[in-house]
Amino acid sequence: MPRLSVWFIRASLLYLLLGFLFGALLLAQKGISFYSPVWYIFPLHMEFLLMGWLVQLTMGVAFWILPRFSIGQSRGNKPLILISFALINAGTLIGILQFWFPVVLLIGRVSEVGAGIVFAAGLWRRVKPHGVL
């Protein structure tokens, strides 16, 4: 498995753990009602599980599993994929600041969309019809 895929998948698993922790706190609050402001972490719970875990896991597996080139760099443009990794994590982590600075949520979303665009650009040439070299 390529090193970048390992980074994507390990980071996604960390977000999964954090998302589950936040979800557990929300469920406990729903059943026991120990601290009502815990509901403010619901957007973080969604952000960590959707963008941090699901999207990032998908990106890591896509980078690993898409067909490789037979000549040159087998995985294509790795610097673009590395930039995509940085952007998706920056956007997800910037989401934490949304409670104190609401405008940063837009910055985080732009970073996440940018990560998707850069990731697609990095893998564009690896997506090809069956039988084409």
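Each value in this text was obtained by applying a stated rule to the coordinates, not by laboratory testing. For clarity, every value in this text was computed on a predicted model and none was experimentally measured. For neighbour counting, all protein chains shown are included, and Cβ atoms are generated from backbone atoms with ideal geometry for every residue, glycine included.
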- Task: Provide the gained length on full extension for the span Val110 to Leu93, in nm with one decimal, where the gain is 0.36 nm per separating residue minus the Cα-Cα distance.
- Result: 4.8 nm
- Query: Expressed as a rounded percentage, what relative contact order does segment 3-126 have, with Cα pairs under 8 Å and six or more residues apart?
  - Reply: 27 percent
- Query: In square nanometres, what is the average projected area of the Cα convex hull of segment 6-46?
  - Reply: 2.7 nm²
- May I ask for the angle, rounded to the nearest 10°, between helix 3-32 and the longest principal axis of the chain, with both axes built from Cα atoms and the value confined to 0 to 90°? 20 degrees
- By counting other Cβ atoms within 10 Å of each Cβ, how are Glu112, Glu47 ranked from fewest to most? Glu112, Glu47
- Item | Helix 104-123 axis, angle to the chain major axis (alpha carbon atoms, nearest 10°) | 20 degrees
- Task: Any chance you could list P(r) for the chain, counting all Cα-Cα pairs in 5 angstrom bins from zero, rounded to whole %?
- Result: 2, 11, 18, 19, 15, 12, 9, 6, 4, 2, 1, 1, 0
- On a 0 to 90° scale, report how tilted helix 78-94 is relative to the longest principal axis of the chain, with both axes built from alpha carbons and the result rounded to the nearest 10. 10 degrees
